[in-house]
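Visitor: This is the structure I want to talk about, given as structure tokens.
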Amino acid sequence: MKNIFSLVPLALLAACHSQPAPDAEPAADETAAVTQAPPIAPQKTVAAADPAQSAATLTLAGLGDLRIGKPVLADSRWSAAGAQVSDSCLVFSSPDYPGAYAIVEGGKVRRISIGQRSQVRLVEGIGIGATEAEVLKYFPFPATPHKYVDAPGKYLTAPNADSGSSALRFEIGSDGTVSQIHVGTMPVLGYVEACS
């Protein structure tokens, strides 16, 4: 019974949009003139991009309205929060991206990092908790020992990291999964080291 009621609105909608065939003759007993309405072009259904989803993608350029190498926008929801390293090196966070933070040095975004609690992903779908094998499938970066975590903890760092351009680094934790992802200019080690 429930299915019948859900079909009724569809039938009514179809009836409202039905048109006589172009060569159909009006019935002989009709007294009113019939004017054919112009055909209605079918509307294309385009899946709207979910702004929250697209904004939750970390790229080499940045995250949301935060851009590597650029100042934080005045109307941005990113703001300096918590204890700071110095007046010239600040840590910014946003309520829109739990588990993410940015290092801003000299007024420009130097690095964006995501860690535990973050739902942000790379375009490839890699995020916190991905396995090392999943990372290496897309990013066959050389490994170096992790400074603070025993093996199998390590860093997987893009080969262009020393070039001064935006680069990518994964931190693999002791469980063999991604514990942090950093994008920006290197060095991208700990939060204090980034500003030294």
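Visitor: Under a 1.4 angstrom probe, counting protein chains only, how are ARG77, ARG110 ranked by accessible area, largest first?
Guide: ARG77, ARG110
Visitor: A further question follows. Scan region 107-163 for GluC sites (Glu not before Pro) in coil per DSSP, keeping those whose Cβ has at most 13 other Cβ atoms within 10 Å, and list them by number.
Guide: For GluC sites (Glu not before Pro) across region 107-163 that sit outside H, G, I, E and B with at most 13 neighbouring Cβ atoms in 10 Å, the list reads GLU124.
The values are calculated or read from the model by the stated rules, or taken from the named source; none is laboratory data. None of these values were measured; they are calculated from a predicted model. Virtual Cβ from ideal backbone geometry, glycine too; neighbours counted across all protein chains shown. Surface accessibility is based on the protein's heavy atoms, side chains included, excluding ligands, DNA and RNA. Shrake-Rupley method; radii C 1.70, N 1.55, O 1.52, S 1.80 Å.
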